[in-house]
Amino acid sequence: MTKRIHTPAILRSRKPVEDINRRGLLRGAVSLGALGMLTGCDVSENDSVQKTLRAVSAWNDGVQEAIFRPHHLAPTFAPSQVVKPPRFNAYYDIEDVKPVDGATWTLELVGRIGDKRPWTAQQIYQLPEQEIIIRHICVEGWDYIGQWSGPNLRDFLQRVGADLTARYVYFICADNYTESIDMASALHPQTILATKYAGDVIADPFGYPLRLRTSTKLGYKNAKWIKAIEVTNDFRETFWSKQGFNWFAGI
Amino acid sequence: MHWINAVAIFIMIGSGWKIYNDDVIFGFLHFPDWIVIGKWAQYGLQWHFFGMWIFVVNGLAYLTYGIVSGRFRRKLFPVSIPEVFATVGDALRFRLRHDDLTHYNAVQKVLYLGVMLIGVLIVISGLALWKPVQFSPLADLFGSFQTIRLVHFLCMSAIVAFILVHVTLALLVPQSLIAMLTGGPVVDAGEPRSAAAAPEIEATP
């Protein structure tokens with residue numbers, strides 16, 4: 001067997017030009033591999049690496065926008081499958097939630113909106129409601145089925161005379177969280193301003209008095225404790241996208 | 001193509017482990033920080049959604065080439081089941097022959113075909129995980145969202161197992177590595193080309 005190992009028979013018939021290419025390729029592969037192995041002092045934080053990764057993430061935003069189907073409905077579920085209470089998610093723990101006072105709260109409207117008069121909780125809670133029982137998927141990998149109701153966002157934007165040809169709908173939240181979604185997702189039939197969960201007014205940790213709930217985005221895009229909505233053509237980074245999470249976050 | 005794939009797989013597995021850690025499927029399994037790619041969750045995700053393009057584009061090019069050129073048909077078929085058992089028997093008695101690297105034995109055929117199928121399945125399950133709403137009919141084939149995650153995870157496990165065997169055996173038969181670095185013998189027995197000067201093989205670190 002050892003005799004065969006050193007037989008250079010397999011080295012016959014090489015094409016020298018091909019060799020050079022393969023060697024170059026191999027060198028590239030090995031250095032990239034070595035780069036990836038430096039996780040101790042995370043190479044992802046290196047400026048040019050991070051720039052490249054974010055450029056790919058931005059490219060992925062475009063890909064997701066292109067494959068988004070504005071009228072395709074997400075699967076819906078039976079009330080018996082609903083998890084109560086919903087699962088908490090925020091950039092802090094549930095004990096640190098600062099409840100919003102619904103009596104003094106108002107929803108401000110900003111940007112390309114015709115009627116910018118603020119809304120009180122009472123006014124919003126009187127609007128026609130839509131109920132959706134949909135899957136919440138967190139970027140971490142967990143999911144649950146939730147039953148949400150409240151005014152449809154498209155209806156609401158039309159009611160206040162928003163420019164539906166604008167590119168983004170931006171949400172500013174009471175906990176200094178910010179989030180924005182593309183207009184196509186905002187106008188999707190399963191995108192609502194949720195005020196209730198499983199038929200009851202949403203509890204404090206889950207976004208009382210007003211939060212976004214859309215069937216077409218990962219959990220973190222669903223802004224809670226909304227205090228202002230802006231319709232705009234300007235792209236601004238949001239709470240998680242600033243930290244490198246994908247902005248479009250479509251599902 | 002093989003080495004591009006090796007880099008892509010390395011990125012996908014390392015970053016996939018980082019993503020897995022955020023919400024483990026098995027309570028006993030948590031990948032240690034030194035083995036994953038990406039210190040924070042967003043870095044793991046960035047690498048994964050970067051590596052996926054390399055893996056998919058390179059993989060599609062490889063499969064297309066293998067099918068169109070007839071390479072798969074020539075080298076991976078037919079697969080004879082009795083021959084698989086015979087090869088396993090030979091291997092256990094250390095009687096495997098490696099004198100003709102252009103010919104795959106039956107076990108190699110089964111493993112290479114199997115890992116290609118797993119590669120396709122990991123992409124399909126990955127698509128279903130990435131876009132369970134846009135591709136909801138695809139996601140429905142798997143059942144629940146957590147089932148898709150499990151399938152994706154099991155495909156990864158199968159690929160890792162394959163890599164362990166594949167790399168071990170390649171190291172045991174070093175001439176196969178030399179062939180991989182130099183381009184190897186010409187598979188189609190055409191006119192023998194004139195042998196070039198002694199090859200300079202760069203050592204891989």
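Points worth noting:
- Filter result for B:Ile54 (out of contact with any Asp or Glu (no Cβ under 6 Å at 6 or more places or on another chain), within 13 Å of chain A (Cβ to nearest Cβ), without any contact (Cβ under 8 Å) to a residue 60 or more places away in the chain and crowded, with 20+ Cβ neighbours inside 10 Å): no
- Verdict on B:Lys18 being more than 16 Å from B:Phe153 (Cα to Cα) and among the basic types (Lys, Arg): no
- Residue list for the stretch B:3-28, restricted to those being touching a Phe, Trp or Tyr at 6+ places or on another chain (Cβ under 8 Å) and surrounded by fewer than 20 Cβ atoms within 10 Å (Cβ to Cβ): B:Asn5, B:Asn21, B:Asp23, B:Ile25
- Within the stretch A:68-89, being facing another protein chain (nearest Cβ under 8 Å) and either in contact (Cβ under 8 Å) with a residue 60 or more places away in the chain or small (Gly, Ala, Ser) (or both) holds for A:Phe68, A:Ala74, A:Pro75.
- Exclusive hit being over 29 Å from A:Glu65 (Cβ atoms) and of a type in the set (Asp, Glu), set A:Asp101, A:Asp163: A:Asp101
- Within the stretch A:199-228, the residues that satisfy the criterion of being in a loop (DSSP other than H, G, I, E, B), farther than 16 Å from A:Trp240 by Cβ, in contact with a Ser or Thr (Cβ under 9 Å, 6 or more places away or on another chain) and among the hydrophobic types (A, V, I, L, M, F, W, C) are A:Ile202, A:Leu210.
- Scanning the stretch A:222-251 for residues that are over 25 Å from A:Gln50 (Cβ atoms) and either modelled with pLDDT under 95 or more than 14 Å from every other protein chain (Cβ to nearest Cβ) (or both) yields A:Ala223, A:Lys224, A:Trp225, A:Ile226, A:Lys227, A:Ala228, A:Ile229, A:Glu230, A:Val231, A:Thr232, A:Asn233.
- Boolean, A:Trp142 is away from chain B (no Cβ under 14 Å) and either modelled with pLDDT of 95 or more or surrounded by fewer than 13 Cβ atoms within 10 Å (Cβ to Cβ) (or both): no
- Counting only residues that are in a helix (DSSP H, G or I) and within 24 Å of the chain's Cα centre (by Cα), the stretch B:23-53 holds 14 of them.
- Scanning the stretch A:192-239 for residues that are buried (at least 18 other Cβ atoms within 10 Å of the Cβ), free of Cβ contacts under 8 Å to residues at least 60 places away in the same chain and of a type in the set (D, E, K, R) turns up A:Arg211, A:Lys217, A:Lys221.
- Every residue from the stretch B:1-22 that is within 16 Å of A:Trp142 (Cβ to Cβ) and either touching a residue at least 60 places away in the same chain (Cβ under 8 Å) or not in a helix (DSSP H, G or I) (or both): B:Tyr20, B:Asp22
- Restricted to helices (runs of 4 or more DSSP H) entirely inside the stretch B:115-187, those with at least 1 residues that are within 22 Å of B:Gln46 (Cβ to Cβ) are B:145-172.
- Of the residues making up the stretch A:85-92, not a single one is modelled with pLDDT under 90 and not in a helix (DSSP H, G or I).
- For the residues A:Glu108, A:Glu95, the requirement of being assigned to a strand (DSSP E or B) and either surrounded by 15 or more Cβ atoms within 10 Å (Cβ to Cβ) or of a type in the set (D, E, K, R) (or both) singles out A:Glu108.
- Identity of the residue in the stretch B:163-176, touching a helix residue (DSSP H, G or I) at 6+ places or on another chain (Cβ under 8 Å) and loosely packed, with under 15 Cβ neighbours inside 10 Å, that ends up nearest to the other protein chains (Cβ to nearest Cβ): B:Pro174
- Some residue of the stretch B:58-77 being of a type in the set (Val, Ile, Thr) and either within 14 Å of chain A (Cβ to nearest Cβ) or in contact with a helix residue (DSSP H, G or I) (Cβ under 7 Å, 6 or more places away or on another chain) (or both): no
- So A:Val100, is it in contact with a helix residue (DSSP H, G or I) (Cβ under 9 Å, 6 or more places away or on another chain), within 11 Å of chain B (Cβ to nearest Cβ), modelled with pLDDT of 95 or more and surrounded by 15 or more Cβ atoms within 10 Å (Cβ to Cβ): no
- Residue match in the stretch A:18-28 (condition: assigned to a helix (DSSP H, G or I), within 12 Å of another protein chain (Cβ to nearest Cβ) and modelled with pLDDT of 95 or more): no
The values are calculated or read from the model by the stated rules, or taken from the named source; none is laboratory data. Given the structure is predicted, the values throughout are model-derived calculations rather than measurements. As a convention, Cβ positions derive from the backbone with ideal geometry for all residues, glycine included, and neighbour counts pool all protein chains shown.
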